[in-house]
1. Can you name every residue in the stretch 81-93 that is part of a loop (DSSP other than H, G, I, E, B) and either in contact (Cβ under 8 Å) with a residue 60 or more places away in the chain or under 25 Å from Pro12 (Cα atoms) (or both)?
2. Looking only at the stretch 1-31, how many residues end up being surrounded by fewer than 20 Cβ atoms within 10 Å (Cβ to Cβ) and aromatic (Phe, Trp, Tyr)?
3. Could you list, in sequence order, all residues of the stretch 1-50 that are in contact with a helix residue (DSSP H, G or I) (Cβ under 8 Å, 6 or more places away or on another chain) and on the phi > 0 side of the Ramachandran plot?
4. Taking the stretch 32-67 as the region of interest, how many residues are outside any loop (DSSP other than H, G, I, E, B), in contact (Cβ under 8 Å) with a residue 40 or more places away in the chain and open to solvent by less than 30 Å² (accessible area, probe 1.4 Å)?
5. From the list Arg160, Arg194, Arg190, which residue is at pLDDT 95 or above and either surrounded by 12 or more Cβ atoms within 10 Å (Cβ to Cβ) or more than 23 Å from Thr140 (Cβ to Cβ) (or both)?
6. Taking the stated definitions as given, is Ser107 among the hydroxyl-bearing types (Ser, Thr, Tyr) and more than 16 Å from the chain's Cα centre (by Cα)?
7. Going through Leu24, Leu63, Leu44 one at a time, which residue ends up being within 23 Å of Gln167 (Cβ to Cβ), more than 13 Å from the ligand (Cβ to nearest atom) and aliphatic (A, V, I, L, M)?
8. Return the residue satisfying two criteria in turn: it lies in the stretch 139-179 and is charged (D, E, K, R) and under 24 Å from Asp220 (Cα atoms), and of such residues it is nearest to the ligand (Cβ to nearest atom).
Amino acid sequence: MRKTFQIAIDGPVAAGKGTVSRLLAQRLGFLYVDTGAMYRATALLALRHEIDLNDEDKVVALLEKSKLEMRNPLPPKELDGRLTTVILDGEDVSWAIRTQKCGIGASKVAVLSKLRQTLVKKQQEIASTQDVVMEGRDITFRVLPDADLKIFLTANLQARAARRHTQYLTKGMNITIEAVTSEIKERDTRDMQRKIDPLRIVPDAWVLDTSELKIEEVVDLIADKVQKIRNQNTNE
Ligand code: DC
């Protein structure tokens, strides 16, 4: 019997999955696993080695030769606003993977089926040993289909574009809201139309629209639900 508690969260670009998952994991004492960071780190690797992002065998071989580690940020040095710490071959790339180029690259390598198999296996191994809040695009139906709680976190395009725009401005990037909106649309299309494991809503997922909610309200709602599930499990 599985002993870990698994919260699986899927949703489109900039729906607030990262911030909500990080705060929720912190509150519950779980590990936060940002699976998008794994696709981003793979894109960074491929870009740095000047490998074609469509070349499945080369991208997978490169990833397998590398060491990718993820952990909750360690105080004090890593508490610099990041949600998760990503170490690639000993180098802290937590910020390097957050560029627009890596985001677009990630959505390109994410269509490679062998790469997805490799990363899904890593993600399942992590969730089998620790309680997790794991977020991405295929967690509720591919990575953790038996999760204790499945959530599809979403928000309207306007709210998502505004949030992502603020994030970019905070990082000092000079970009218009129109450019951010079109980037989001492009990535949504790629995530929802890819042949393998396109982003979708599973029938037993709780669809949470965060457009009109504050982050803390979303975290409270989910934490309440987790408590109910735990009470139910104890009474069974
Ligand atoms: O969540 P994010 O923006 O960091 O994700 C980057 C890209 O990675 C996104 O365009 C889709 C892809 N991705 C995926 O296909 N499956 C996941 N489980 C997580 C991310």
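The values are calculated or read from the model by the stated rules, or taken from the named source; none is laboratory data. Computed from a predicted model, the values in this text were never measured in an experiment. Note that each Cβ is placed from the backbone with ideal geometry, even for glycine, and that neighbours are counted across all protein chains shown. SASA here: full protein model, heavy atoms, side chains in, ligands and nucleic acids out. Shrake-Rupley method; radii C 1.70, N 1.55, O 1.52, S 1.80 Å.
1. Once the filter is applied, which keeps residues that are part of a loop (DSSP other than H, G, I, E, B) and either in contact (Cβ under 8 Å) with a residue 60 or more places away in the chain or under 25 Å from Pro12 (Cα atoms) (or both), the stretch 81-93 yields Gly81, Arg82, Leu83, Thr84, Val93.
2. Summing the residues that are surrounded by fewer than 20 Cβ atoms within 10 Å (Cβ to Cβ) and aromatic (Phe, Trp, Tyr) in the stretch 1-31 gives 1.
3. Gly11, Ala14, Gly16 - these are the residues of the stretch 1-50 that are in contact with a helix residue (DSSP H, G or I) (Cβ under 8 Å, 6 or more places away or on another chain) and on the phi > 0 side of the Ramachandran plot.
4. 18
5. Values: Arg194 fails: at pLDDT 95 or above; Arg190 fails: at pLDDT 95 or above.
After ruling out the rest, the residue left standing is Arg160.
6. Numbers: among the hydroxyl-bearing types (Ser, Thr, Tyr): yes; more than 16 Å from the chain's Cα centre (by Cα): no.
For Ser107, the condition - among the hydroxyl-bearing types (Ser, Thr, Tyr) and more than 16 Å from the chain's Cα centre (by Cα) - is not met.
7. Leu24
8. Arg164
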